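Below: the structure, in structure tokens.
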Amino acid sequence: MESGLPFFSFIAMAQDCKNNSEIKGLPYNREPCAQLWCNPALETQAVGAESSIISMEDVGAAASRLVRFAPLLTKLFPELQASGGLIESGLVPLKGAYPALAESASHGRYWVKTDNDLPVAGSIKARGGIYEVLAFAETLAERHGLLAGAADYGVLAGAAARACFGRHEISVGSTGNLGLSIGIMASAMGFRVTVHMSAEARQWKKDKLRAHGVTVVEHEGDYARAVAAGRARSQADPQGYFVDDEHSMDLFLGYSVAGLRLRDQLAEAGVTVDAAHPLFVYLPCGVGGAPAGITAGVKLVFGEAAHCVFVEPAASACFMTRLQNPEREGISIYDAGMDNRTEADGLAVPVASELAYAQTRHLISGVVTVQDAVLFADLARVQASDGLKVEPSAAAGFSGPRALVGTAEGQAYLREHGLLAAMPQANHIIWCTGGAFVPAPEYEAFLERGRDYLAAWQRPS
Ligand SMILES: *Cc1c(COP(=O)(O)O)cnc(C)c1O
């Protein structure tokens, strides 16, 4: 960007942010700004380097497994008939002006990846969680000869397979959505399922699981404690299988398939991704498995032309904390002075996944942190502009572009990476991660809260 002109307004906005953060104790006076922290460990040539353990072959093999299971999934879930048994979301252009950057035509095009609407599980957890259940089922099916002579995996809906699966218990620790994806999938196949829920988990998620025949165990503490309790109990059961959100390679691989799917969707939309057409992907981050898996897939597919940015609640920024402390494995947000008090239940996580960290610490461009109020405001804005139904966690991605183009840190990142001139040809993908299953009264309350913030911020102060 030699002229400097098109970006002037955002530099002015960065100034505003500075003033705003000084208004301590008055967070609702004006819209709080998202903050961007750039990752100094980002390596532009890291793709395929030692640090990333998975390869394109691994991602391709994961995608093939999902294809093998498609005939079974169409049997179990009639809503998958239209997609031939594949669980995938849309890539849709953002209809409304990008919130709070209405004047930003010069920053390229905005897209929404609608994982908020993913069939079967209603959230991004459909990618990793369902994949892991299928991987375990395939292992059992092969071990017990359930696939011998079968035309396709549809045979696994039969009585013999269900009897076999019913002898095994799958368990998982979850803030809610992972439990839903594992619970719905595994119970549909005939497994016994136990979900260990943390204190943040919403009542309706527990109710929905119980309605699917899942055993829900409620824990007093935070997410890390629910996982630890579930892991300990499952290890005591020889027929037990624990889906370990903090360490699971299968979850990670399931998420990574999104890279291949995105490649096809962008191609279909006629979108070019290369040095002159950079791709920015904004991913809400909890423990880090979902955004890291997707980042691994996206970077394998697009290499340096893709820039992946994680977005976390300011009170629960565990992945940023881990990236900022490379020497401190297992560091928690409490060590960094955060309190985990966020209503973004899917992101209320105190400690990052070490696997996700190790896989992607050189691939992540940066981390954006956001106040809860902005999550609610964005949830209401995208409902009004695009008719999208998202939960608070799932609205986090909308803060991504704002932080990238609207802060001094973001401008520095773009300048350092030689991206300023290419920005008019950029594509921004805001990953919406959950919401389809939120009950109407709960969703109405979210909306109302978001509209209240928006009204308050419009009031002259
Ligand atoms: C779980 C979840 C995420 C983040 O996934 P992690 O693997 O925990 O980082 C984001 N959004 C929603 C709605 C989720 O449920």
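The values are calculated or read from the model by the stated rules, or taken from the named source; none is laboratory data. Note that this is a predicted model, so its numbers are computed, not measured. Cβ coordinates were reconstructed from backbone atoms using ideal geometry, including for glycine residues, and neighbour counts include every protein chain displayed. Note: accessible area is taken over every heavy atom of the protein model, side chains too, but ligands, DNA and RNA are not part of it. Shrake-Rupley method; radii C 1.70, N 1.55, O 1.52, S 1.80 Å.
Side notes on the structure shown:
- Each residue, A159 and E442, gets one label point 7 Å from its Cα in the Cβ direction; the gap between the two is 3.8 nm.
- Distant-in-sequence amide contacts of V112, defined by a placed amide H-H separation under 5 Å and a gap of 5 or more residues or a different chain, comprise V92, L94, I430.
- Using a probe of 1.4 Å, the accessible surface attributed to H247 totals some 100 Å² when neighbouring protein chains are kept in position.
- H196 long-range amide H proximity, modeled H, under 5 Å: V172, G173, S174, V217
- Per-atom-type breakdown for the chain gives carbon and sulfur 52% of the accessible area (1.4 Å probe, protein chains only).
- The aspartates and glutamates within cross-link reach of K95, meaning a Cα-to-Cα straight distance under 20 Å and a gap of 8 or more places when in the same chain, are E103, D115, D117, E268, D378, D386, E391.
- Available extension along the chain between A61 and R459 is 137.9 nm, counting 0.36 nm per residue and deducting the alpha carbon span.
- Cut-off under 5 Å, modelled amide H: who pairs with L388 long-range: Q383
- Applied to region 62-73, the Karplus parametrisation 6.51 cos²θ - 1.76 cosθ + 1.60 on θ = phi - 60° returns per-residue 3J(HN,Hα) values of 5, 5, 5, 4, 5, 5, 4, 7, 3, x, 5, 5 Hz, with x for Gly and Pro.
- Overall shape of the chain was characterised from the C-alpha gyration tensor. The equivalent ellipsoid obtained from it has semi-axes of 36, 24, 21 Å, in decreasing order.
- Distance between modelled label sites at A336 and D207, nm, 7 Å Cα→Cβ extension: 3.5 nm
- Whole-Hz ³J(HN,Hα) from phi, Karplus 6.51 cos²θ - 1.76 cosθ + 1.60, for region 201-216, glycine and proline x: 4, 6, 4, 5, 5, 5, 4, 5, 4, 4, 5, 8, x, 8, 7, 10
- In order along region 53-59, phi translates into HN-Hα couplings of 7, 8, 10, 4, 4, 4, 5 Hz, rounded to whole numbers, per the Karplus curve 6.51 cos²θ - 1.76 cosθ + 1.60 with θ = phi - 60° and x for Gly and Pro.
- Working from label points 7 Å from Cα in the Cα-to-Cβ sense, the V92 to D264 distance is 2.0 nm.
- Ellipticity estimate at 222 nm from DSSP helix runs (n ≥ 4, -39,500 (n - 2.57)) divided over the chain, nearest 500: -13500 deg cm²/dmol
- Beta bridges per DSSP, both residues in the chain: antiparallel share near 20 percent.
- For region 245-317, the square roots of the Cα gyration tensor eigenvalues, ordered a ≥ b ≥ c, give a/c of at least 1.5 with a/b no greater than b/c, which places it in the oblate category.
- Residues of the chain: accessible area per residue with a 1.4 Å probe, Å²: 38 Å²
- Sites T215 and A148 - FRET efficiency at Förster radius 41 Å, r taken between beta-carbons, to 0.05: 0.80
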